[in-house]
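Report on the structure given below.
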Amino acid sequence: MHNNFSPLERLTRGLFLAFMLVWSVAPILFIVTSSFKRQVDIFVYPPKLLFMPTIDNYFKLMSQWQGFFTSLGNSMIVALGATLLAGIVSFFGGYAYSRYRSRFMSWTAIYMIAVRVLPPIVVTLPLFPVADTLGLSDTHLLLILLYATFWVSLNTMILKNFFDQIPSELDEAAYVDGASEWQLVTRILARLTLQGMAAGSIFVFIYAWNEYLFAMIFTTNTAKTAPLILSELMGAVDGTEWGVLFAGVTLQLVPVVLLVTLARRYLIAGLTAGAVKG
């Protein structure tokens, strides 16, 4: 069945999509192009659309802010670790909430969502002395645990919806064929919920890659992540070198853009599958 739109409606939709595209892409284009401009050309008005590109900002970033590339490595370790941990826990949690339903499970689900909506600073301050006592301050492990914990509740509910779409008759058929529950979950259901796991993992990775508050409070040197170095670039004593800052932001954007671009099919399918299946 085809929708018949009037020319005015099609024009309105086209203008709206164009506005949203410009709204989303323009800031990224500004950052990337500015990273190849001289400092004096970045904020000139009207903006220079044609300019002689330079890579001096990237050389300055490498020479003056060597810790930035170390922090990128820390961000990658933390983001991958949090994504893996949250993915594993959320997968089994989603299965448990889908297949083992009880009043107790319902209350724990409400509790998980309630904790998730609390402002991060409320959870952060009481944890600081605990982390310091356990010797976890300024470690990758602490950030991995914090980021995974912060997202595991939402991912669990996402995966629960995927498990709910899988008929219980499939479980019974697997048991009849001699499969154990572990084999059912890891060999059969894991494949059927792959899109949900991919969608949830992308959210965790992006959050952990960009997160600032936890990293600022719980790290000082060893586990410092890229957003902290970028904030130091903005607060430099001798003034902000915007070209260098934009060069750092551009490098930080690359992994996220590549991830979303390569996994967009799984992301879209993962976000829509549970909503359209009845």
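The values are calculated or read from the model by the stated rules, or taken from the named source; none is laboratory data. Everything numeric here is computed off the predicted structure, so don't read it as measured data. As a convention, Cβ positions derive from the backbone with ideal geometry for all residues, glycine included, and neighbour counts pool all protein chains shown.
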Does region 31-39 contain any residue that is in a helix (DSSP H, G or I), within 23 Å of residue 254 (Cα to Cα), at pLDDT below 85 and not small (Gly, Ala, Ser)? yes
For residue 116: the one exception among (1) out of contact with any Gly (no Cβ under 7 Å at 6 or more places or on another chain); (2) surrounded by 13 or more Cβ atoms within 10 Å (Cβ to Cβ); (3) farther than 25 Å from residue 245 by Cβ; (4) at pLDDT 85 or above: (4)
Take the residues of region 54-67 that are outside any helix (DSSP H, G or I) and modelled with pLDDT of 85 or more: which is farthest from residue 243 (Cα to Cα)? 65
Give me a count of the residues in region 209-262 that are hydroxyl-bearing (Ser, Thr, Tyr) and free of Cβ contacts under 8 Å to residues at least 12 places away in the same chain. 2
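Every residue, every condition in (1) more than 30 Å from residue 160 (Cα to Cα); (2) among the hydrophobic types (A, V, I, L, M, F, W, C); (3) more than 22 Å from the chain's Cα centre (by Cα), yes or no:
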site	(1), (2), (3)
58	yes, no, yes
102	no, no, yes
121	no, yes, no
129	yes, no, yes
133	yes, no, yes
136	yes, yes, yes
Pairs needed: first member in region 14-37, within 14 Å of residue 53 (Cα to Cα); second member anywhere, modelled with pLDDT of 85 or more and of a type in the set (Phe, Trp, Tyr); C-beta distance under 8 Å; at least 6 residues apart or different chains. 31/246; 32/246; 34/242; 34/246; 35/58; 35/246
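Kindly state which helices (runs of 4 or more DSSP H) lie completely within region 130-240 and contain at least 3 residues that are crowded, with 20+ Cβ neighbours inside 10 Å. Spell out the reasoning first.
Working: elements: 140-165, 168-176, 194-210, 213-218, 226-234.
Counting at least 3 such residues, we get 140-165, 194-210, 213-218, 226-234.
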Can residue 109 be described as under 30 Å from residue 160 (Cβ atoms), without any contact (Cβ under 8 Å) to a residue 12 or more places away in the chain and either not in a helix (DSSP H, G or I) or not polar (S, T, N, Q) (or both)? no
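Here is a yes/no grid of residues against (1) assigned to a helix (DSSP H, G or I); (2) surrounded by fewer than 18 Cβ atoms within 10 Å (Cβ to Cβ):
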| site | (1), (2) |
| --- | --- |
| 27 | yes, yes |
| 49 | no, yes |
| 52 | no, yes |
| 69 | yes, yes |
| 74 | yes, no |
| 78 | yes, no |
| 94 | yes, no |
| 105 | yes, yes |
Among the charged types (D, E, K, R) and surrounded by fewer than 17 Cβ atoms within 10 Å (Cβ to Cβ): which single residue out of 13, 99 fits that description? 13
